[in-house]
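Submitted below is the structure of interest, expressed as structure tokens.
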Amino acid sequence: MGKPLTTTLSSETSSEHQLIQHLTAFGQGSVRIEQSEPEELPEGHVRMDVAYVGVCHSDTAMVREGQGPFPSRLGHEVSGTITESTDRGLPAGTRAAAYVTNGYATEIFVPTDRIIPLHPGCSLIDAALAEPLACVIGGIDMLDLAHIPETVLVGAGFMGLLALRLLVAQGHRVTVIEPRTVARDLASGWGAHRVLHPDEVTEEMTQNNPVVIEATGAAAGLELASKLVQIAGTLGIMGYHQSHQGQRTVDMESWNYRALRVLSLHHRNAADVMRWMDRAQRLSAHRILSPSELVDSLVRLCDLPALFTGTGAHNSIKTILDLTPVGTKDTE
């Protein structure tokens, strides 16, 4: 067979012959920006100029806690524009979200089955956040909420707030428990029925809720969420527990006595994630749920090493790596 037909953007818009910059993690507290030459596009792939990448806590925690393997390319919340393609259905110029693990880069190769073409109404920033929103969609779908009068959500970080907004969009009444003032204010604005500081949780609330979602990723949050679940209730664990190597101590006597249904709300089936990413970007396109509203920090590639090593850490709800040319505007 001959070489597959490819489509390529013109030299005015293509990144051809430009050095590719990307972040590589080498060990605990060790990351750097490297450069490499562009390579020939493999069959069954597209070449993408990356526009935005969500900075995920799972990536920064991996480096800060030395959880390897190393060396590693990181970055899985990615959007951009296809500049070269071997697939007639994904021509050059297509705006897309990508499901990859090496997204902190100016250019990436993506298998065609890991590409989601964007609805015209979905911005590239929202598209970069389609992957975390997809994780929330899949997690909420696991919960049987048809007969639940109220859901309790412990944790209003980025993922918790996405879960809140999705539940509110479905008409559910949600109580949010969160220690940070800024996150509590966002939860109120995003439709929470009640918003409480953990210190405001009353004795009457413990062991009195049919469904509790934990979205903190911290031991204290998991302990609190567990205490709130009623007998034969459901504890859904959405938090990604990485601190202290993910080791947690739980009160199994209490879990056993209350016959808790404990669900990990995480998924590893790529086909499911791709389907949910498509749903996510269409929710954003129709202004039902726009994750970009939670972005409170935009950084450039040169800023990433400080974020990953902790020297540039700050208490943002969501940070986005902006790889668009300076002065350009994210358009639909």
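No lab work stands behind these numbers, since they all come straight from the coordinates. Computed from a predicted model, the values in this text were never measured in an experiment. Note: ideal-geometry Cβ built from the backbone for every residue, glycine included; neighbour counts use all protein chains shown.
Sort Leu19, Leu124, Leu133, Leu41 by Cβ crowding within 10 Å, fewest neighbours at the top.
Leu19, Leu41, Leu124, Leu133
Suppose the chain between Ser188 and Arg73 were pulled fully straight at 0.36 nm per residue; how much longer would it get relative to their current alpha carbon spacing?
So the extension gain works out to 37.7 nm.
At q = 0.13, 0.16 Å⁻¹, what is the log10 ratio I(q)/I(0) for segment 79-140, with the Debye formula run over Cα points and no solvent?
So the normalised log intensities work out to -0.34, -0.51.
Hey, another quick one. Angle, helix 158-169 long axis vs. longest principal axis of the chain, Cα atoms, 0 to 90°, nearest 10?
70
Run through every distinct alpha carbon pair of the chain and return the Kirkwood hydrodynamic radius in angstroms, one decimal place.
Radius from the Kirkwood sum: 20.9 Å.
On to the next question. Using Cα springs under 10 Å in a Gaussian network model of the chain, which residue among Ser85, Ser290, Ser254 shows the largest mean-square fluctuation?
Ser254
How big is D, in µm² s⁻¹, for segment 143-264 by Stokes-Einstein at 25 °C and 0.890 mPa s if Rh is the Kirkwood radius over C-alpha pairs?
Reported coefficient: 172 µm²/s.
On a 0 to 90 degree scale, rounded to 10, what angle separates helix 270-285 from the longest Cα axis of the chain?
For 270-285 against the chain, the angle is about 90 degrees.
Then there is this: Between beta-carbons, use under 14 Å as the cut-off and find the net charge around Val176, counting Lys and Arg +1, Asp and Glu -1.
Counting the neighbours of Val176, the net charge comes to 0.
For a quick check, take a GNM of the chain with Cα springs below 10 Å and name the residue from Asp199, Asp303, Asp113 with the largest mean-square fluctuation.
Asp199
Over 10 Å intervals from 0, what percent of Cα-Cα pairs in segment 49-169 sits in each interval?
Binned Cα distances yield the sequence 12, 36, 30, 18, 4, 0.
Shifting gears a bit: Treat every Asp and Glu Cβ in segment 174-319 as -1 and every Lys and Arg Cβ as +1, leave all other atoms uncharged, and give the resulting dipole magnitude about the Cα centre to the nearest 20 debye.
Result for segment 174-319 is approximately 580 debye, rounded to the nearest 20.
A further question follows. How high is the relative contact order of the chain, in percent, with contacts defined as C-alpha pairs under 8 Å that are six or more residues apart?
Reported as a whole number, the value is 19 percent.
What does the charge add up to near Ala156, with Lys and Arg as +1, Asp and Glu as -1, over the other residues with Cβ less than 9 Å from its Cβ?
In short, +1.
With label points built 7 Å along Cα→Cβ from the Cα atoms of Glu204 and Ile33, find their separation and express it in nm.
With each label placed 7 Å out from Cα toward Cβ, I get 5.6 nm.
Mean-square fluctuation check for the chain, GNM, Cα pairs under 10 Å: which of Leu186, Leu265, Leu129 is largest?
Leu186
Just the number, please: percent antiparallel of the DSSP beta bridges in the chain, rounded to the nearest 5.
The answer is about 60 percent antiparallel.
While we're here: Quick one: helix 219-228 against the long Cα principal axis of the chain, what's the angle to the nearest 10°, folded into 0 to 90?
50
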